[in-house]
Amino acid sequence: MLNEMLSGEELIKAMENCPPYDESCRNKSRSERLVQLNDLYKVFLPSAMSTEIYSKLYLATMRSLRKKKQREVAAQQTNNFRRVKGQPYDGAGIIGGSDSFTIIGTPGIGKSTSIVRAMQLISNGAFDMDDERRFTVVIPYIICQCPFDCSVKSLLLDILRQVDMAIGSNYCEKAVKAHATTDMLIGSVSQVAIHHVGLLVVDEIQNVVNHKYGKQLVGMLTQLINNSGISICMVGTPECEEFFESTAYLARRTMGLKYGGCEYNDYFRQFCNTLFSYQYVKKPAEISEGIRLWLYEHSKGVISVVVTLLHDAQEKAILEGVETLDQEILEKTYEERLRMLHIYLYEKKEKRPEPVKKELVTENDKVTAGKAQEIGKETGKAQEKSRTRKDARREKERDLILQTAMTAKRKQEDIAEALKEVISVLEVEL
C-alpha cells in the first residue's frame with residue numbers, strides 16, 4: 001500500500017534531487033554546455049514547507065484509504081448508483097467527512113514540485129487492495145488542474161480520464177458516450193473514487209476567484225468528499241484566500257497550509273550555494289555573501305526567480321563570450337531578461353491613515369443638537385473628500401516615481417538623477 005512514513009534527515013535526503021555534475025563540462029562546446037545548463041531546473045532542496053506538505057499529504061491519503069474498508073462503503077455505493085441512474089437517492093453523504101484542505105502560497109516558491117516529490121515518496125503507484133468484501137486497484141493520488149472557466153463537468157471528466165490512464169479503464173469514454181449530466185457525473189465520479197482514488201489534488205484553485213461558477217465548483221468538490229470519502233487537496237495562490245473566507249462553510253472546508261516567499265536564512269544561503277556550484281562557464285566564480293544578499297533582494301525570496309536568474313545569467317555569459325558568473329552579468333540579466341517581473345518584485349510601503357479629528361460640542365455652544373449633527377455630517381463629508389484627494393495624490397506620486405525609475409532602468413540612466421527631476425531626493429552615503 002503506502003510506503004513507510006519518513007521524517008527528519010531521512011525525509012530531507014529522500015526528497016532532495018541534485019543532478020550529477022562534472023567540472024570537466026566547462027571545457028565542452030558552447031552548445032553542449034547550454035544543453036547541460038538546463039540541469040539547473042532539476043535541482044530541488046526540500047525546505048520546511050516541503051516536509052510539512054509531505055506529512056499533510058501522507059496522513060490525508062492514509063485516512064482516505066482507511067475509509068475504503070468501512071462497512072458504510074457498500075451503502076454509499078448503492079446511493080451513488082441510484083444517482084447515476086437518475087433514481088431517488090439520499091442527498092447527504094453516507095461516508096461523509098471533512099477531509100479537504102488547502103495549500104496556499106506565493107507563485108514560484110515550489111508548492112507543486114513539493115507535492116509531486118512528496119507523492120512519489122508516499123507510494124510507488126497503483127496497487128491492489130483486497131479486503132473481505134471486494135478486490136480493487138487503488139491509485140494513491142490524482143493531480144488535476146482547476147479548469148480556467150470553472151467548468152464542473154470538465155473537472156469531473158478530467159478525474160475519470162486520469163483514472164483511465166492509471167489503470168487502463170474506460171470510465172471517461174462511457175460518460176461521454178452516455179451524454180451524462182453533471183448530476184449523473186458526480187455520482188459516477190464518486191463511485192469511481194470510492195473504488196480507485198486515494199487523494200485528489202486540484203491545482204490552480206485560484207481560478208475560482210471572480211468567476212460566477214467558482215462556488216459551484218467548490219460545492220461540487222464538497223459533495224464529492226461526502227459521497228466518496230476521499231481526501232481533496234486544493235492548491236493555489238494567496239488571491240483565493242478572500243474567496244474562501246467569504247462564507248463559513250468555505251472557510252471550514254479550506255483550512256490548511258499557507259506559505260510566502262522564503263526568508264533570508266540558512267536554507268536560502270544553502271540553496272544559493274548549491275545552485276552556484278552548477279557552473280557551466282569557462283571561468284567559474286566564487287559566491288559571496290554580497291551575491292547571496294543581491295539574489296535575495298532581487299527575488300524577494302521566490303525560489304523560481306533565483307533559479308531563472310542564475311540560469312539566464314550563465315546562458316547570457318556563454319552566448320556573449322563573457323564566460324564568467326559575476327555581479328555584472330547578474331545585474332545585466334536582471335535588467336534585460338526579468339524586466340517583466342520588476343513591477344511585481346517592487347515593494348510598496350503602506351502608510352497608516354491619518355487620524356480624523358472629531359468636532360466636540362460643549363455646553364457653551366449655542367447650537368442645537370440637530371444643528372450639531374448636521375455640522376458633523378458636513379464635516380465628515382469634507383474630511384472624506386479631503387482624504388480621497390490625498391490618497392489619489394499619493395497614488396499618483398507613487399506611480400510617477402515607479403514609472404520614472406523603470407524608464408531610467410530601461411534607458412540605463414542614473415535612477416537618482418532621473419528622480420531629482422520629479423521629486424526632492426536626499427542622497428545618503430552608506
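Of the residues in the stretch 178-192, none is within 21 Å of SER100 (Cα to Cα), touching a Ser or Thr at 6+ places or on another chain (Cβ under 6 Å) and part of a strand (DSSP E or B).
Scanning the stretch 301-337 for residues that are crowded, with 18+ Cβ neighbours inside 10 Å and at positive phi yields one hit, GLY301. The set of residues in the stretch 84-138 that are at pLDDT 90 or above and either among the acidic types (Asp, Glu) or part of a helix (DSSP H, G or I) (or both) comprises LYS111, SER112, THR113, SER114, ILE115, VAL116, ARG117, ALA118, MET119, GLN120, LEU121, ILE122. Among the residues of the stretch 273-295, the ones that are surrounded by fewer than 20 Cβ atoms within 10 Å (Cβ to Cβ) and in a helix (DSSP H, G or I) come to 9 in all. Only one of the numbered conditions (1) at pLDDT below 90; (2) over 16 Å from SER64 (Cβ atoms) is violated by ALA175, and that is (1). Scanning the stretch 22-45 for residues that are surrounded by 15 or more Cβ atoms within 10 Å (Cβ to Cβ) and assigned to a loop (DSSP other than H, G, I, E, B) yields LYS28, VAL43, LEU45. Residues of the stretch 228-260 that are under 19 Å from GLU52 (Cα atoms) and assigned to a loop (DSSP other than H, G, I, E, B): THR237, THR254, MET255, GLY260. From the list HIS211, HIS195, the one residue that fits, being touching a residue at least 40 places away in the same chain (Cβ under 8 Å), outside any helix (DSSP H, G or I) and assigned by TED's automatic domain parsing to the domain that holds GLY105, is HIS211. Could you count how many residues in the stretch 2-21 are closer than 29 Å to VAL137 by Cα and surrounded by 13 or more Cβ atoms within 10 Å (Cβ to Cβ)? Total meeting the criteria: 7.
Quick grid of which residues meet (1) under 16 Å from ILE104 (Cβ atoms); (2) surrounded by 19 or more Cβ atoms within 10 Å (Cβ to Cβ); (3) out of contact with any strand residue (DSSP E or B) (no Cβ under 9 Å at 6 or more places or on another chain); (4) not small (Gly, Ala, Ser):
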residue	(1), (2), (3), (4)
SER188	no, yes, yes, no
HIS195	no, yes, no, yes
GLY198	no, yes, no, no
VAL208	yes, yes, no, yes
SER228	no, yes, no, no
ILE232	yes, yes, no, yes
THR237	yes, no, no, yes
GLU242	yes, no, yes, yes
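If you go through the stretch 144-177 and keep only what is out of contact with any strand residue (DSSP E or B) (no Cβ under 9 Å at 6 or more places or on another chain), of a type in the set (A, V, I, L, M, F, W, C) and in a loop (DSSP other than H, G, I, E, B), you end up with PHE148, CYS150.
Scanning the stretch 236-262 for residues that are under 16 Å from ILE225 (Cα atoms) and aromatic (Phe, Trp, Tyr) yields a count of 1.
The lone criterion from (1) at pLDDT 90 or above; (2) assigned to a helix (DSSP H, G or I); (3) acidic (Asp, Glu) left unmet by GLU263 is number (2). All conditions but one from (1) modelled with pLDDT of 90 or more; (2) more than 24 Å from VAL235 (Cα to Cα); (3) not acidic (Asp, Glu) apply to TYR141; the one that does not is (2).
The values are calculated or read from the model by the stated rules, or taken from the named source; none is laboratory data. All values reported here derive from a predicted model rather than from experimental measurement. Positions of Cβ are generated from backbone atoms using ideal geometry, with glycine treated the same way; all protein chains shown enter the neighbour counts.
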